[in-house]
2 protein chains.
Amino acid sequence: MVAGGADQTETVAAVFLPEEREVVAEVGTTILDAATAAGVHLETICSGRGTCGKCRVLIKGYDAPPPTWVDNRRLSPAQLNAGWRMACEHPLTAGGTYMHPLVETNLRTVESVDLGKITLRPNVRKYMIAPTAPHLEDQQFDWPRIQDGLAGLTGGVDTSIAALRKLPGVMSQVGKGPITVTLVGSRAADFESGDTSEAMYGMAFDIGTTSVVGSLINLADGAREAVAAELNGQAIYGGDVITRTSFAGEEPENVEKLQMAVMETITGIIDRLLREAGVDRGDVYECVFVGNTVMMHLLTGLDPGGIGVSPFVGVSAEPMTMTAADLQLNLDPAAGVYLSPSVAGYVGADLVGVMVSTDLENREDNVLVIDVGTNGEIALATGGDIFCTAAPAGPAFEGAEIRQGMRAVDGAIERVVLTDKGPELSTIGDVAPTGICGSGLVDAVAELVRVGLVNAAGRLLPPDELPPDIPPALRHRLIPDDEGGDFLLAGKAPGSPGAVSLHAQDIRQLQLAKASIRAGVDVLLDRAGLRPEELSEVLLAGAFGTYLDPGALLAIGMVPPVAVERIRAVGNAAGLGARMMLLSLEHRVAAELLVGRVDYVELSAVPDFQWIFAGAMTFSDEVESQ
Amino acid sequence: MVAGGADQTETVAAVFLPEEREVVAEVGTTILDAATAAGVHLETICSGRGTCGKCRVLIKGYDAPPPTWVDNRRLSPAQLNAGWRMACEHPLTAGGTYMHPLVETNLRTVESVDLGKITLRPNVRKYMIAPTAPHLEDQQFDWPRIQDGLAGLTGGVDTSIAALRKLPGVMSQVGKGPITVTLVGSRAADFESGDTSEAMYGMAFDIGTTSVVGSLINLADGAREAVAAELNGQAIYGGDVITRTSFAGEEPENVEKLQMAVMETITGIIDRLLREAGVDRGDVYECVFVGNTVMMHLLTGLDPGGIGVSPFVGVSAEPMTMTAADLQLNLDPAAGVYLSPSVAGYVGADLVGVMVSTDLENREDNVLVIDVGTNGEIALATGGDIFCTAAPAGPAFEGAEIRQGMRAVDGAIERVVLTDKGPELSTIGDVAPTGICGSGLVDAVAELVRVGLVNAAGRLLPPDELPPDIPPALRHRLIPDDEGGDFLLAGKAPGSPGAVSLHAQDIRQLQLAKASIRAGVDVLLDRAGLRPEELSEVLLAGAFGTYLDPGALLAIGMVPPVAVERIRAVGNAAGLGARMMLLSLEHRVAAELLVGRVDYVELSAVPDFQWIFAGAMTFSDEVESQ
C-alpha cells in the first residue's frame, strides 16, 4: 500500500516437472493453487488444508524455504533436508522448478459387507524404478542409486540392514528390467527384480485373552484372502487377564513365557493364513495388531503387572512401529509391524480398533459402544467429545462361574423363551442341551424377569411368593433349595441326566456382570450430560455382542432404555478396526488422534460409584423409574 | 521507517525457566542473546551460529513459531512437535516463557598420549530424574511419566521395546529414590534405580581384514579400560578382501558365514574386554565400528560382491545407527551401534577414522595421509579440499608373496643396514633371522638402492654390471640365477639352513607395491595442483606405517620427496578415530561431514594412469628428476 504498485497484478513464472510445464501465477499464489490452475495435477486429499501431506514438491532453482509447522509434521527429516516441501504451504517463486511425485493412480475404493466403503491407502507401497547402472565415472553405491531412482516418485526414504541384504542380488540385474521397491512408510523394505506391484499383502491381528484372530489381506485390492482363529496359547497360564498378570509377576521369566506362548499362537496363525491363501511369506509387508492393554504388553514382552493393581498403570500405551524381526515374527525380517495405541489399563488397542471401525471420531450424534467381554469396554461419543471407561464384568458372559455354563459350542442353550407350556429352547447345533452359554443365560434371565419368576431386585422368588398368574408348566420347574433355588430349563430334575438348570447364584452372577457394565454406561452418560433416550445408537461389539439378544439386554437392563431398534451388533469391530488401519493410513492416523481426544473415566475414582453400581443392579428400568 | 516509531527502542519482556528470571531485551534480539545479556546461562558451543544444536528452549506462553531450517536439522521431530526451538534462531517474544535444559556441567576435557586433548561429549548421557508416582487421579503410564521427568533436562525422547522391558521393575521403586535414565542419542536405552551416572562405557572397534581390535572406553572420563586384539575369524575363508569377496559370491549362505565368523571374533573380544576391565555388560551403552568397506559390509551381512569387480560399487556407504540386538552383539539389546560412513569401495570407514583422528577437516595446510596396507588408502587435504584414493598395493608389506617374507613376529628381519663389512640386521625378538617382514623388506631394498646393487629401474644388477665401489662383503652376497638373482642377507648360501635372502622377484613385488601407492599419491598431488615440497606433513597410518622407516620410504620413492622430518607415523589412526567418534559427537559429525566433502578419485579411471604408474616404479626421485 505504501510503496510499489501493489494494486497492479504482479506475476511469477515457474516450471513443474516431470511435465516441464511453465506456470504463471499471481505473486503470493501457493505452489499448489498455481499448479491446479494450470492443470498440473498435484495429488491432494485435503484440498490444501495441510493435513494430508500429499502435495509435496521437491524445490529446485532456489533454496527451499524454512520448513513450516505443516511441512515438519508431514514430511520426514530426510525429505525436508532433500528440499521437499508441501506445495500448499509455500508461494510459487519466480524461477522455481518443482518436481512432484507421480500421482498415485492405483488408489482404489473398495466395498465389502464388513468394511463398508474404504479407499485403499496402505502404509505399504510398491514403486517400479529403473536405476542406472554404475560405471567408473559413476561409482555411487547401490542404495543411493535406489534413492535417486525413487526421488521423482516419493520423498526421502530410509532403509534397514535386513532390506539392504536383498539389494545386491537385485542390482546385479540392473539394466535388464525394472526393479520394484517396496516402501513400508518411508522405509524401503524390499527390492525385487521385475514388476511385482500386485504381490502385496498384510496381516491384521486381534489378540484376545481367549483367542487370537488373524486375517491375511491383499493390500492391492483390499480382499481378505484368509482368516484364522486359534485359542491364545497363554491359556495354560490362566484364563483371564488378571490371572495372567499375576502369573507374570511371580517370576522374572514369566513375562517371557507368556510372550512366547502368544507368539507361538501368532506364528501358527501366520503359517495357516499363508498356506490357506497360497501367498508367499515374502509378499507380506506389514502386520497391524490390536488387543487389550495386557495382551499388547505381553505381545511385546512388557510386564503388565502395574495394570493388575490400583491405579492400573501400564508401561506404555503409545502406538509403536517396529519390524517383524523385532517381534520375531515368521515373516520377512524387514516387514513392518504397527501396534495400535491404547487408552488406559483396561481400555486397550482393541477398543481403539472398535472406535476406528465404528467411525466414532466423525460421529456428530450420540453413540454408545459396548465391547462386551470379561472386561466391558465402553465408549460414548457425543458432539465431538468421546468418553470411555472399563467395567470389570467378570466371566459370566462366557458361561464361566455359571453352574452349568459353557462356551458357545454344540449343545449350549443359546435362546430361551418361556411359554405357558414351559421353556422353549434353542441349542447350538440343534442337539440335546448340555449347558447354557452367555446369550442363553441373558435370554433365560430376561424371560424369568418378564414372567415374574425373578423380581426387579434379581431374586428368584420362592413358590410361596410367586404371582398367581405364573403358568403351572413354569411354576413346577422352580426347585427350592437353601441357596435361593434352581430353575429347571431342561430335563426332569436338577442334576439328573440331560437336565440343565439355572440357579439363583447364576442369576446373581449375571446380575453383577450386567450391573458393572450398566454402571459404567451410566457414569459416562452422566459425564456427558445425556439421557438414554438421547442416544441415537447403541453398538454392541465383540462376539458376545453379536449373539446377545437386544431385547433381552434391555430387559435385564444391561443397556439403558432406548428403542430396541437402536441397538445394533457390529461384530468383531476390533479386528475390523485393525484391518482398516492396515488398509488405510487415514484410519491409522484417526486411531492416534482418537487416543489423544478420548476422555478416560476411571470408575474406581468416581465418587459414590457404589451407589451407581447398586442402582444398576436392578433388572428393570421400568421398575427403576417407578 | 514509514510508520511506527522504529527509531525508538522498543523492548519485550519474557521469563526464563527454571531460574524464573524475567529478561527484557530490544525487539528482534534472539532468545539466546537476550538470555546471555541477562546472565541466564543457555548452553552453546557455536555461539549462536546454528551448528551446535545445544541452545534449545521449550517455548511456552505462545505457539512455537514454524521451525527454521536450523531447528529442523538440529532437533528431532518429537522435540519440534513438543515446542522445542533453537534459541539462536528466534526472537525473544513478549510474554514468552522459555524452559531451557540444565547446562551439562559434567563436560570434561581429558588428555592422553594418543587422544590428545578431547572434550567428552559422548552420544550416551545419563540423567537422574525423580518421576511422580501414579494414583487414581493420575493414571499416566510409566513411559510418559519418564518423558515428563526428562522434559526439563533434554528434549523429546524415544525408546524401544528392549528398553521399556526394564522400566516396570524400576518404576516399582518410584518414590524411594532417583531413577537414572540413559539416553543413546535421543533414545532412552536404560532405566536404573538410584544414581548410576558414573557407570557408563562404550566400545570402539577397528575391523581389519587381518585382525580386529576393540577398546573398552569409560565414557565418564575417557579412559581406555582395556584393549584386545584377535585375528579376524574370517581368515579361514581367505587372507585378503579379494578372496573373501569372491568366497562371499560363491554360495548365497557364504555372506552369512563370513558375518558369523567376524561376529564370533567381536563377541569374543567383548567378553575379554569386560572380563579384563571388570565392567558389567549392562553398563556398555554404545559401540562404534570402523573398518574397510568390505569388512563393514560383511559385519552387517551385506554382500560385498560389487566391490570386488569394476566399477567397485558396494551396497551402502552411509553411516548407520542400530542397536546391539540388530547386530546380535553380546551386549544389552538396547545398546547403540554406530557404523562410521565409508567413502568408496576401497576407501572405507577405516580411512574416515584416520581422517577424523588426524583432524583432516580442520587442517589448513597441505597434509598427505597414507594408510599402508594391502590396499593403500590415501588422503590429501589442501586448503579445505580433501582428495582421496585407494591404491591396490598387494600383500608385499605384510611379507606375503615374498619368498622368505613373514609377518612381523620373532625372527623377522625388521631393520637392514648395508656396510662395508656386510649387512647389519635387526630381528624381532633379537633371535636368529628366519625371514623378513615388511619393514625389513623396505629397509633392505632402500639399502640395496643406496649402495647401487639395485638400480633406479629396480633391477638387481648382475656382478658384471656392478659399480666398482661396491664393497666385496656385499658383492659376494649377490647370487646370480636365471630369474634375476638373489641377495643373501643372512647365512652362507640361499636355501641353506639359517639363510635369508632377498630375490630379484621380491624386489619386484615391493617395487609394484610402492609404485601403486606412489602413483596414487602423484595423482592426488596432480589433482590438487601441489608439488611434493608443498606438503607440510606426510602422515603414515596403520601398523606398517609405524614400523616403516621414513628415510627408507623416501629412498624407495614410496612417499614423494619431502624433508624426512615431515614424515610422521600416527599409529592405529583408524581405531583412534573410532574412539574419538565414541567419545565426542563432534567427531562423529565431523566424520559425516567429511565423507560429503571428500573428492574420491578412481585411479582406474584416470587417463594415462599406466604412465603415472610406470613413472612411480622408479626407485629414486633423484633419478626421476634427472
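Shown here for segment B:164-200: trypsin sites (Lys or Arg not before Pro) in loop regions (DSSP other than H, G, I, E, B) with at most 14 other Cβ atoms within 10 Å, namely B:Lys176. Given A:Gly175, A:Val367, A:Ala578, which one lies farthest toward the positive end of the charge dipole of chain A, if we put +1 on the Cβ of every Lys and Arg and -1 on the Cβ of every Asp and Glu? Going by the Cα projections, it comes out as A:Gly175.
The 3J(HN,Hα) values that the Karplus relation (6.51, -1.76, 1.60; θ = phi - 60°) gives for segment A:462-467 are, in residue order, x, x, 6, 9, 5, x Hz. Gly and Pro appear as x. Relative contact order of segment A:123-193, taken over Cα pairs closer than 8 Å and 6 or more residues apart, is 44 percent. Near the amide H of B:Val343, within less than 5 Å, lie the amide hydrogens of B:Gly348, B:Ala349, all on another chain or at least 5 residues away, with H placed in the peptide plane.
Evaluating 6.51 cos²θ - 1.76 cosθ + 1.60 at θ = phi - 60° for every residue in segment B:121-135, the Karplus couplings come out as 9, x, 6, 9, 9, 10, 10, 9, 9, 10, x, 7, 7, x, 8 Hz, glycine and proline recorded as x.
In a DSSP loop and with at most 14 other Cβ atoms within 10 Å, the trypsin sites (Lys or Arg not before Pro) in segment A:400-496 are A:Arg407, A:Lys421, A:Lys492. Residue pairs exceeding 30 angstrom between C-alpha atoms, taken from A:Lys54/A:Lys117; A:Lys117/A:Lys257; A:Lys60/A:Lys126; B:Lys126/B:Lys176; A:Lys126/B:Lys166: A:Lys117/A:Lys257; A:Lys126/B:Lys166. Look at the dipole of segment A:182-262 built from charges on Cβ: of A:Val262, A:Leu216, A:Ala228, the Cα furthest out on the positive end belongs to A:Val262.
Summing Cβ point charges (Lys, Arg +1; Asp, Glu -1) relative to the Cα centre of chain A gives a dipole of roughly 680 debye. Peptide A:305-317 shows a mean partner chain C-beta count of 6 within 10 Å per residue C-beta.
Per-residue ellipticity at 222 nm, computed for chain A from helices alone with -39500 (n - 2.57) per DSSP H run of at least four residues, works out to -8500 deg cm²/dmol. For the pair B:Ala457 and B:Ser604, a Förster radius of 25 Å applied to the C-beta separation gives a FRET efficiency near 0.55, rounded to the nearest 0.05. Charge tally for A:Glu26 (other residues, Cβ to Cβ under 12 Å; Lys, Arg +1; Asp, Glu -1): -2.
Taken residue by residue and averaged, Cβ atoms of other chains lying within 10 Å of the Cβ of A:124-137 number 2. Distance between the pseudo-spin-label points of A:Thr119 and B:Glu592 (7 Å out from Cα toward the beta carbon): 3.6 nm. Once the mean of 1/r is taken over each pair of separate Cα atoms and inverted, segment B:291-440 shows a Kirkwood hydrodynamic radius of 18.2 Å.
Charge dipole (Cα centre; +1 on Lys/Arg Cβ, -1 on Asp/Glu Cβ; no other charges) of the protein assembly as shown amounts to roughly 300 debye. Ordered from longest to shortest, the equivalent ellipsoid semi-axes for segment A:396-502 are 21, 14, 13 Å, each the square root of 5 times a Cα gyration tensor eigenvalue.
Shielding of peptide A:139-151 by partners, expressed as the average count of other chain Cβ atoms within 10 Å per residue Cβ, is 4.
Amide hydrogen proximity for A:Ala541: with H placed 1.01 Å from N in the peptide plane, the residues at 5 or more positions away or on another chain lying under 5 Å are A:Ile370, A:Asp371, A:Val372, A:Val570. Only Cα pairs under 8 Å and 6+ residues apart enter the sum, and on that basis the relative contact order of chain B stands at 11 percent. For segment A:581-607, backbone nitrogen atoms closer than 20 Å to the point 7 Å from B:Glu137 Cα along Cα-to-C-beta are found at A:599-607.
Database remark: amide H of A:Cys287 closer than 5 angstrom to the amide H of A:Met203, A:Gly336, A:Val337, A:Tyr338 (H placed geometrically; neighbours at sequence offset of 5 or more, or on other chains; Pro and chain starts carry no H). Taking other residues whose beta carbon is less than 11 angstrom from the beta carbon of B:Ala504, and scoring Lys, Arg as +1 and Asp, Glu as -1, yields -2. Note: relative contact order over segment A:200-278, using C-alpha pairs below 8 Å and six or more positions apart, is 29 percent. Here chain A is scanned for GluC sites (Glu not before Pro) in DSSP loops (not H, G, I, E, B) that have at most 11 other Cβ atoms within 10 Å, and the longest stretch holding none of them is A:484-626. Distances from B:Asp271 to itself in the other copies, using label points 7 Å out along the Cα-Cβ axis, amount to 3.2 nm in increasing order.
Rounded, prolate or oblate: pick one for the protein assembly as shown, where a ≥ b ≥ c are the square roots of the eigenvalues of its C-alpha gyration tensor, a/c under 1.5 means rounded, and failing that, prolate if a/b is larger than b/c, else oblate. Note, shape of the protein assembly as shown comes out prolate. Please give the FRET efficiency for A:Glu276 paired with A:Ala493, using the beta carbon to beta carbon distance and R0 = 45 Å, rounded to the nearest 0.05. According to the calculation, E is roughly 0.40. Projecting the Cα atoms of B:Tyr600, B:Ser516, B:Ser357 onto the charge dipole of the protein assembly as shown, computed from C-beta unit charges around the Cα centre, puts B:Ser516 farthest toward the positive end.
Paramagnetic label reach from B:Arg108 (point 7 Å along Cα→Cβ; backbone nitrogen cut-off under 16 Å): within segment B:313-349, no residues. For segment A:56-207, rounded, prolate or oblate, judged on the Cα gyration tensor with a ≥ b ≥ c (square roots of eigenvalues), a/c < 1.5 rounded, else prolate if a/b > b/c? Verdict is oblate for segment A:56-207.
Overall shape: oblate for segment B:240-367, with the ratio a/c of the largest to smallest alpha carbon gyration tensor axis at 1.5 or above and b/c at least equal to a/b. Among B:Asp158, A:Asp481, B:Asp283, a tally of other beta-carbon atoms within 10 Å of each Cβ gives an order, fewest to most, of A:Asp481, B:Asp158, B:Asp283. Sequentially through segment A:202-210, phi angles give Karplus couplings (6.51, -1.76, 1.60; θ = phi - 60°) of x, 10, 10, 10, 10, 8, x, 4, 8 Hz, Gly and Pro residues having no value and appearing as x. By the beta-carbon count within 10 Å of each Cβ, the least crowded to most crowded order of A:Ile269, B:Ile207, fewest first, is A:Ile269, B:Ile207.
The numbers here are math on the coordinates, done by the rules we state, and not lab data. Predicted model only: the values in this text are computed from it and were never measured. Glycine also receives a Cβ, built like all others from the backbone with ideal geometry; neighbour counts cover every protein chain displayed.
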